[in-house]
Amino acid sequence: MARLNDFFTSVVLASQSVARKRLLEELGLHVTIEVTHCDESHQERDPAKAVRLLAKRKMEGYRAVHSRYEGAVLTCDTLVAYEDRLIGKPKDREEARAQLLMFSNKKQVVHSGWALWYDNTLFDGCDEATVIFKKLDEKAIEAYLDLGEWRGAAGSYRIQERGKELVQRVEGDIATVIGLPLLQISEILLATVPVSDGAEYPPLRG
């Protein structure tokens with residue numbers, strides 16, 4: 001299975017997410033952060049369409065400012081779907097508490113959309129993973145909220161940090177839960193980017 005570092009050695013990540021940056025660096029990629037600021041409002045009720053739309057909108061925002069940049073660029077967006085609701089980042093501790101209490105002993109579906117500008121081509125997609133929470137009491141929720149990990153996190157937890165202690169199991173790619181569907185992106189590149197000189201993977205590109 002190819003990984004992103006089989007296609008390029010450096011990438012611009014248009015996101016403030018430390019976790020996404022860490023995932024890319026763990027692949028050996030050189031990551032440059034260039035945060036985009038765009039309107040994230042939408043009317044989509046389908047979470048897969050919503051995150052894909054927002055990831056592409058962020059890419060459009062980046063390309064509008066850096067139209068001559070020819071290297072690899074990644075933009076992402078993540079939402080949690082719980083029953084008929086779309087759950088984003090909590091506005092305060094009270095909302096974070098309500099979200100975690102709602103997830104207790106239940107399952108949710110995390111949708112992560114992405115857009116990749118690579119080789120003068122726009123690739124995009126969305127992957128999902130199911131997260132099943134443990135049964136949480138108020139003491140466990142308050143202790144987690146005290147850590148502050150809920151700030152800026154869709155669904156009010158970070159599974160790559162202490163948030164994993166709230167989770168019973170994950171069905172799917174855990175990188176998708178973190179916010180960057182590495183397996184899906186690599187599979188799409190492998191299926192669409194031509195392989196050169198009979199090599200198993202395309203040559204490295206900076």
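Here, each number is a calculation from the coordinates, and none is a lab measurement. The shown structure was predicted, so the numbers you read here are calculated from the model rather than taken from an experiment. Note: ideal-geometry Cβ built from the backbone for every residue, glycine included; neighbour counts use all protein chains shown.
Data overview
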| quantity | calculated |
| --- | --- |
| Total formal charge among the other residues, if their Cβ is under 10 angstrom from that of R169, Lys/Arg +1 and Asp/Glu -1 | +1 |
| Protection proxy ranking, peptides 138-146, 106-114, average beta carbon neighbours within 10 Å, highest first | 106-114, 138-146 |
| Label point distance in nm, T9-V35, each placed 7 Å from Cα along Cα→Cβ | 3.0 nm |
| Efficiency of FRET from Cβ geometry, V170 and E142, R₀ 30 Å, rounded to 0.05 | 0.80 |
| Cα-centre dipole for segment 52-206 with unit charges at Cβ (Lys and Arg positive, Asp and Glu negative), debye to 20 | 400 debye |
| Spin-label model distance (nm) - T130 vs Q43, 7 Å beyond Cα toward Cβ | 3.2 nm |
| Over 16 Å [Cα-Cα, segment 1-107], rounded percent | 66 percent |
| Segments 75-88, 158-171 sorted - mean Cβ within 10 Å per residue, highest first | 75-88, 158-171 |
